[in-house]
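Asks: One structure, pasted below without further comment.
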Amino acid sequence: MENILELEQVCKAFPKTNFALDQVSFSIPYGSIMGFVGENGAGKTTTIGCILNTISKDSGTVKLFGKEMSDADTDLREKIGVVYDGDNFPSYWTAEQLSRVMGGLYTRWDNALFHKYLEDFRLLPGQRIKNYSRGMTMKLAVAAALSHHPQLLVLDEATSGLDPIMRDDMLDVFLDFVQEEDHSILLSSHITTDLEKIADYITFIHDGRLIMTASRNDLVYNFAVMRCKESQFLELDPGDILAYRKRDFQMDVLVSDGKEAQRKYRGFVVDHVSVDEIMLLLVKGERV
């Protein structure tokens with residue numbers, strides 16, 4: 001068994017809002033981090049809901065640890081740590097009260113580990129959550145997710161609201177987590193620079209459909225943007241063009257192999273590209 005999580009042709013329609021997940025398929029190997037990116041409303045949180053079975057999918061399959069999860073599969077849920085974008089716990093609780101509740105829910109709850117994270121994250125056990133900043137509430141949620149020894153972390157904007165230094169510290173925590181070969185992370189984030197640092201793979205979603213999944217190394221080292229005039233654009237082989245966008249008198253063309261493009265199209269400007277710009281071209285650009 002190579003993948004900790006597998007989605008195959010997952011669909012979910014919301015007729016009232018005219019939004020739907022459309023045949024979403026991707027997988028996460030053991031020991032890896034998958035970045036999950038897309039604009040607000042693209043379908044990231046809905047996909048996560050289908051994975052966790054908090055949203056009932058219309059069709060398709062979701063396998064966790066090689067098995068489809070039902071509401072009765074408490075053993076599978078024990079293996080998953082979850083952090084949502086928003087309020088994860090009642091605001092009138094303290095971290096100490098949260099620890100007691102979690103200890104009753106999870107058979108592998110590690111109170112000593114939880115308090116170590118509280119210390120590392122500088123969170124007071126007796127302070128009410130309603131008095132936490134947004135960054136503090138996210139750190140508490142991550143601490144709770146890690147303290148029952150999960151194998152899979154599902155993180156919905158878990159670095160949101162953190163300052164750059166604490167975000168970097170949190171990324172180190174995630175990297176440390178996947179040092180165990182049977183651990184993996186699905187990290188939904190709009191902060192693509194975080195994903196450029198730690199993700200092994202990045203999946204792009206737009207309007208309920210997956211656009212692309214690629215390795216971080218391919219995106220960072222191989223993908224590129226050719227910048228050319230409209231007359232030059234007409235000379236390009238359509239098979240080389242992943243997406244393109246017109247900007248004033250310039251055409252930006254996304255290609256999967258910048259070195260090959262530079263060799264093939266001499267005289268064209270070929271630039272390295274960030275994950276942000278790749279997403280922008282995939283979402284707002286056009287296809288041939």
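Derivation of every value follows stated rules applied to the coordinates shown; laboratory data play no part. Just so it is clear, the structure is predicted and the values come from calculations on it, not from any experiment. Heads up, the Cβs are rebuilt from the backbone with ideal geometry, glycines too, and the neighbour counts pull from every protein chain shown.
Asks: Going from the alpha-carbon gyration tensor of the stretch 53-188, what semi-axes, largest first and in whole Å, does one get by taking the root of 5 times each eigenvalue?
Replies: 25, 17, 15
Asks: The stretch 60-129 to the stretch 270-288: how many Å between their Cα centroids?
Replies: The two parts, judged by their Cα centres, are 37 Å apart.
Asks: Points 7 angstrom from Cα along the Cβ direction at Ser215 and Asp271: gap in nanometres?
Replies: If labels sit at Ser215 and Asp271, their model points lie 2.7 nm apart.
Asks: How large is ³J(HN,Hα), in whole Hz, for each residue of the stretch 170-180 in order, when computed from phi with the Karplus curve 6.51 cos²θ - 1.76 cosθ + 1.60 and θ = phi - 60°, using x for Gly and Pro?
Replies: 5, 4, 5, 4, 5, 5, 5, 4, 7, 5, 6
Asks: For the chain, what ratio Rg/Rh do Cα atoms give with a Kirkwood hydrodynamic radius?
Replies: 1.02
Asks: Check each of the chymotrypsin sites (Phe, Trp or Tyr not before Pro) in the stretch 119-219 and keep only those in coil by DSSP with at most 12 other C-beta atoms within 10 angstrom; list them in order.
Replies: none
Asks: Give me the number: length gained by fully extending Asn18 to Lys284, i.e. 0.36 nm times residue separation minus the C-alpha to C-alpha distance, one decimal in nm.
Replies: Going from the current span to full extension adds 93.7 nm.
Asks: What do you get for GluC sites (Glu not before Pro) in the stretch 116-219 restricted to DSSP loop and a cutoff of at most 16 other Cβ within 10 Å of the site's Cβ?
Replies: Glu180, Glu181
Asks: Within the stretch 3-218, how many lysine pairs that are 8 or more places apart, or on different chains, have C-alpha atoms less than 28 Å apart?
Replies: Here the count comes out as 27.
Asks: Now for a different question. Please report, in debye to the nearest 20, how large the charge dipole of the chain is about its Cα centre when each Lys and Arg carries +1 at its beta carbon and each Asp and Glu carries -1 there.
Replies: For this selection, approximately 620 debye.
Asks: Assign unit charges at the C-beta atoms only (+1 for Lys and Arg, -1 for Asp and Glu), then state the dipole size of the stretch 80-146 relative to its Cα centre in Debye, rounded to the nearest 20.
Replies: 100
Asks: I would also like to ask the following. Using only C-alpha atoms and all pairs of different ones, pull out the Kirkwood radius for the stretch 101-255 in Å with one decimal.
Replies: Here the Kirkwood hydrodynamic radius works out to 18.6 Å.
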